[in-house]
Amino acid sequence: MLELSIRIPATELRYQATANRTVNNRALIIENITQNVIRRLQSTSQNSTKDCGGCAFRQCNQGKRECDQAEAQQKIPVGVSARHAHVTQSDLEILYGSGHQLTVKAALYQPEAFAAVETVTVVGPRLKALESVRILGPVRSYSQVEIAKTDAVRLGLDPPIRDSGDLMGASPVTLIGPAGSVYLPEGAICAARHIHMKPEQAETFGVTEDDRLKVRVSGERALILENVRPKIDPSYVLQMHLDTDDSNAAGLKGGEGLEVLWDE
Ligand SMILES: [Zn+2]
């Protein structure tokens, strides 16, 4: 083996040693920071209810969810519903290709409900669009988009205030996916303010689905929301759903507890 002997001056050697140490230190610092970040991320995801998409506080600790605390104080926890779409399996296959199944991105607070990975672009009659509108699963027996009035104005629509699935007279919209598009002649509504509850909770409140409730929001943008509809089903978890117009008007992020007002 051929050995090369090169004479490096002592000063040069000292310089290289210092340079190496600096590089090593920097690598060590970066390594430490990376480890810390990973540790923090892991500890947050372990403590949080990963399956909670109930509100803006997605990192609530298990057993200490904002919603649970609101409920314990006899209040109604709020969930903010941003614009979203529901689709039938056949429309999903037009939008995403034949045989396509929705993929769960995050579970929502109501059991079984989930935000899907799949999104659609919603186009109105003036060719203005809302991109990346999340599909909420599972698939349903109807396709529909629920948008805030602010979204509707952008699209050039004036949808009626309705319960989910009540689509007669709803506004026309086109949904566009990566594989195709679906025109819904009656497809867009603004969701009516509503509270999901179990029959026993409805009994405790003394309400039926025909009642309309008043709910008080306190705080800087305090207001009273009227015409809130109880939606009663054994599968529901107590939660009030507001669209982003209502939640922003009231300064709510989701997770807050609201008080029902009873007429004297
Ligand atoms: Zn709802």
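What follows is calculated from the coordinates using simple rules that are stated; it is not laboratory data. Computed from a predicted model, the values in this text were never measured in an experiment. Counting neighbours? That spans all protein chains shown, and the Cβs are built from the backbone with ideal geometry, glycine included.
General observations
- Exceeding the 19 Å Cα-Cα cut-off - candidates K75/K214; K128/K253; K105/K198; K149/K214; K75/K198; K75/K253: K128/K253; K105/K198; K149/K214
- Take the Cβ atoms of K149 and N24, set R0 to 51 Å, and the FRET efficiency comes out at 0.30.
- Take the Cα of E259, step 7 Å toward its Cβ, do the same at S98, and the gap between the two points is 6.0 nm.
- Rounded if a/c under 1.5, otherwise prolate or oblate - segment 185-261, Cα gyration tensor axes: oblate
- Contour minus Cα-Cα distance for Y183 and A106 (0.36 nm per residue): 25.0 nm
- Cα→Cβ-extended label distance, 7 Å offset, between K198 and N32, nm: 5.1
- Of every Cα-Cα pair in segment 117-234, the percent that sits beyond 19 Å: 56
- If you plug the beta carbon distance of E131 and K214 into 1/(1 + (r/R0)^6) with R0 = 35 Å, you get a FRET efficiency near 0.45.
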